[in-house]
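Notes follow the structure.
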Amino acid sequence: MKSTIVLAKYSLIAWLLFMTLTVYAAEDEPAYRFIVSGVDKPLADNILIFLNNLTLSCDTSESMRQAVKEKIPEQVQLALQPFGYYQATVDDIHINAANGCWQTEIKVTAGEPVVVRDIDFSVTGPGSEHPKIKNIKVSKYIESGRVFVDPEYQQLKQQLRQWANDYGFLDADFSQQKVDVYPAQLAADIKLTFDTGPRYRLDKVVIEQDPNFMRPRFLQGLVGLETGQYLNNQTLIDVRKRLVGSQYFGNISVTFGEKDKQTATVPVLVKLTPGYRIDYSVGLGYTTDTGARSTFEYQHHRLNDRGFQLSAKLQLAEVNNEFTARMKFPSLSNPDEKWYQSELGYRQENNDVYEADTTKIGLSQTRLQSDRWQNINFIDVLQEDYIFGDKKGSTRLLVPGTAWTYQHVDDPLNPRFGFKAQMDFKLATESMFSDMSMVQISGRVKTILPIADQDRLIMRAEIGTTATSDFDQLPASYRYFAGGDQSVRGFDYKNLSPLNDEGDSIGGKHLAVASVEYEHRLYDSYALAVFVDGGNAFTNDFKMASSVGIGFRWFSPIGPLRVDLGVPVTEADHDFRIHLSLGPDL
């Protein structure tokens with residue numbers, strides 16, 4: 001059996017090395033090429049964009065090549081005008097055979113650029129004194145005496161439109177937008193007038209259901225808009241996002257109604273149809289911590305017209321089996337940001353360190369504060385039977401607690417930048433339905449920082465501490481262990497912790513773990529990583545366990561697949577370990 005395991009490990013190492021050393025290469029096929037000289041690279045690049053629109057191939061006839069040659073001066077002039085060059089000339093065009101195809105060399109003289117002479121810019125309407133529009137610096141885009149660059153002029157106009165959209169000036173438009181260019185005088189005169197129109201507020205929310213299947217008051221709370229608030233297009237996007245995320249609906253339409261320009265108000269029209277009430281899903285997976293696993297999930301998205309939801313999950317794995325059923329009760333006034341939940345769960349775990357059977361009943365309140373903060377207040381009743389080596393235990397606990405999470409990430413699936421911090425506080429006392437007393441505080445931090453164009457630096461840390469009246473009665477699920485895919489790689493799952501007199505791991509009161517990983521992107525979907533992990537679970541004396549390793553990453557459509565080879569540095573009796581995991585980085 002051991003030889004089979006060793007063979008499997010070395011097979012995985014061979015596969016890992018193969019993936020990291022594979023290089024993709026493709027021969028360049030012959031193609032018609034244009035080469036532009038005489039101007040700076042940005043100008044040459046834009047000329048090539050225009051020229052590449054001319055349809056040419058390696059078997060193009062002589063007459064076709066000459067016809068294209070006659071079009072080149074016009075295309076060059078059109079390509080340089082946006083940069084202020086209205087008197088560009090083509091000095092030479094030479095067509096010759098190259099690399100099994102044809103190559104056209106073009107020498108260009110850009111000439112003198114057109115300079116902005118007069119600017120007549122104004123903002124009119126009720127929003128003309130809005131403080132944010134005054135922050136738009138016109139001189140950043142156009143300025144007298146500076147070369148007239150049309151893309152920069154368009155950026156100014158886009159900034160004004162964006163401001164109007166952000167602050168609810170729904171009728172904003174340009175009453176005058178004119179640029180007069182005088183190539184002979186090398187001058188351009190600009191006239192630009194932006195009329196803001198009124199700033200619109202919400203008149204009312206009109207919700208249409210087909211058929212009627214949810215309480216109107218509940219839907220008003222889910223939409224989350226208040227009469228009199230300012231509106232913009234992003235408001236509609238946010239409302240739709242909330243409605244989609246609720247999983248109650250099939251077809252969703254969110255639009256502005258007819259605007260009342262006299263009162264500067266507008267209604268929001270929401271049209272809804274019911275979605276599927278019940279979903280089932282079956283999944284198979286594998287991680288080196290828990291081994292192969294199968295999962296069955298059931299979700300009832302809409303039990304009644306108040307939006308109650310029921311979910312159940314059964315997971316069977318080599319290391320643990322778990323069943324959880326949850327009932328969600330959204331608040332009536334703000335269901336998207338506040339809800340209550342009841343939970344019934346059973347977990348059976350049998351790893352290399354301990355065996356535990358845990359039954360839990362829980363109640364919780366979840367509150368979202370902005371799109372980054374989450375707070376969960378909970379109370380759990382737990383009964384756990386556990387075995388460490390030859391010692392058995394059984395403990396009942398009533399555990400009230402709170403958890404706070406902050407998360408900021410640019411892309412939830414494959415972030416370039418991200419930060420997540422979580423703090424948990426749990427309490428139990430013998431005077432309240434518990435067999436022992438304890439206080440436990442834990443915290444986790446993980447950050448992802450972009451390095452150069454494609455690389456990332458990933459750092460994480462986790463700490464925890466427990467004060468207890470009787471450690472021997474502390475359930476296994478409340479003890480600290482280290483080691484595994486998400487802890488100290490190079491060590492087996494939950495293999496790091498204090499030992500009893502018989503040499504059995506028994507978990508610790510405290511935990512300190514940290515990791516630093518550097519990830520180098522090879523291609524869009526593949527990357528290499530090197531890492532250093534360290535830490536341990538402990539009760540009295542802290543003993544550092546550390547490892548180093550390399551990893552391979554495949555950025556799949558459902559999140560990164562990670563294959564890591566971790567080698568212990570401080571524990572000579574531990575062999576290297578392969579870690580396989582799948583899922584988002586945060």
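Of all segments of the chain bounded by GluC sites (Glu not before Pro) found in a DSSP loop with no more than 11 other C-beta atoms within 10 Å, the longest spans 259-501. Computed per residue of the chain from DSSP H runs no shorter than four, each worth -39500 (n - 2.57), the mean residue ellipticity at 222 nm is -5000 deg cm²/dmol. Mean projected area of the Cα convex hull of the chain, taken over all directions, amounts to 37.9 nm². Solvent exposure of the range 109-202 amounts to 51 Å² per residue of accessible area, where only protein heavy atoms count and the probe is 1.4 Å. The gain in end-to-end length when the R367 to L78 segment is fully stretched comes to 98.4 nm, 0.36 nm per residue minus the alpha carbon separation. Applying a DSSP loop filter and a limit of 14 other Cβ atoms within 10 Å to the chymotrypsin sites (Phe, Trp or Tyr not before Pro) in the range 172-277 leaves Y276.
Listed by chain and number, the aspartates and glutamates whose alpha-carbon sits under 15 Å from that of K543, ignoring those within fewer than 8 places in the same chain, are D533, E571. Of all aspartates and glutamates in the structure, those lying under 18 Å Cα to Cα from K338, and not within fewer than 8 positions of it along the same chain, are E226, D238, D305, D371.
Reported to the nearest whole Å, the Cα centre-to-centre distance from the range 345-360 to the range 422-469 is 21. The alpha carbon centroids of the range 227-267 and the range 96-133 are separated by 37 Å.
Taking 12 Å as the cut-off, the amide N atoms of the range 396-428 that come nearer than this to a point 7 Å along the Cα-to-beta-carbon line of Q383 belong to 396-397.
Taking the Cα of D504, stepping 7 Å toward and past its beta carbon, and measuring to each backbone N in the range 372-394: which are under 12 Å? 386-394, by backbone N distance to the label point. For the chain, the dipole from Cβ point charges (+1 on Lys and Arg, -1 on Asp and Glu) about the Cα centre works out to 1580 debye, to the nearest 20.
Placing dummy labels 7 Å off each Cα toward the beta-carbon, the span from I278 to K137 is 6.3 nm. Model label sites at L310 and N53, defined 7 Å from Cα along the beta-carbon direction, differ in position by 6.1 nm.
Under the combined filter of DSSP loop state and at most 14 neighbouring Cβ atoms within 10 Å, the range 431-536 retains these chymotrypsin sites (Phe, Trp or Tyr not before Pro): F433. Counting only protein heavy atoms, what percent of the accessible surface of the range 537-586 is carbon or sulfur at a 1.4 Å probe? Here carbon and sulfur together make up 63 percent of the probe-accessible area.
For the chain, the longest principal axis of the C-alpha atoms and the axis of helix 233-246 are separated by about 30°.
In a fully extended conformation the segment linking K69 and T570 would gain 173.2 nm over its present Cα-Cα distance, using 0.36 nm per residue. Once each of the trypsin sites (Lys or Arg not before Pro) sitting in a DSSP loop with at most 13 other beta-carbon atoms within 10 Å is removed, the chain keeps 373-542 as its longest stretch.
Checking the Cα-Cα distances for K392/K426; K420/K509; K69/K107; K137/K157; K41/K137 against a 18 Å cut-off, the pairs over it are K392/K426; K420/K509; K41/K137. Once a ≥ b ≥ c are taken as the square roots of the eigenvalues of the Cα gyration tensor of the range 323-406, is the result rounded (a/c under 1.5), prolate (a/b larger than b/c) or oblate (a/b not larger than b/c)? Since a/c reaches 1.5 and a/b is larger than b/c, the shape of the range 323-406 is classed as prolate.
Within the shell defined by Cβ-Cβ distances under 12 Å, the residues around D357 carry a net charge of -2, with Lys and Arg each +1 and Asp and Glu each -1. Between the beta carbons of N99 and D524, assuming R0 = 30 Å, the FRET efficiency works out to 0.60 to the nearest 0.05. Solvent exposure of the range 266-324, expressed per residue, is 52 Å² of accessible area, with all protein chains present and a 1.4 angstrom probe. Quick check for me: using +1 on Lys/Arg Cβ and -1 on Asp/Glu Cβ, what's the dipole size of the range 256-369 about its Cα centre, in debye to the nearest 20? In total the dipole reaches around 740 debye. If R0 is taken as 22 Å, the Cβ-Cβ distance between Y286 and N350 corresponds to a FRET efficiency of 0.80. Measuring nothing but protein heavy atoms, the accessible surface of the range 145-258 at 1.4 Å probe radius is 43 percent carbon and sulfur. Within the range 454-470, name every residue whose backbone N is under 16 Å away from a label modeled 7 Å from Cα of T429 along the Cβ vector. Flagged as within label range: 467-470. In straight-distance terms, cross-link reach from K204 covers every one of the lysines whose alpha-carbon lies under 16 Å from its own, apart from those fewer than eight places away in the same chain; here that gives K259, K261, K271.
The values are calculated or read from the model by the stated rules, or taken from the named source; none is laboratory data. Computed from a predicted model, the values in this text were never measured in an experiment. Reconstructed Cβ throughout: ideal geometry from the backbone, glycine too, with neighbour counts over all protein chains shown. Note: accessible area is taken over every heavy atom of the protein model, side chains too, but ligands, DNA and RNA are not part of it. Shrake-Rupley method; radii C 1.70, N 1.55, O 1.52, S 1.80 Å.
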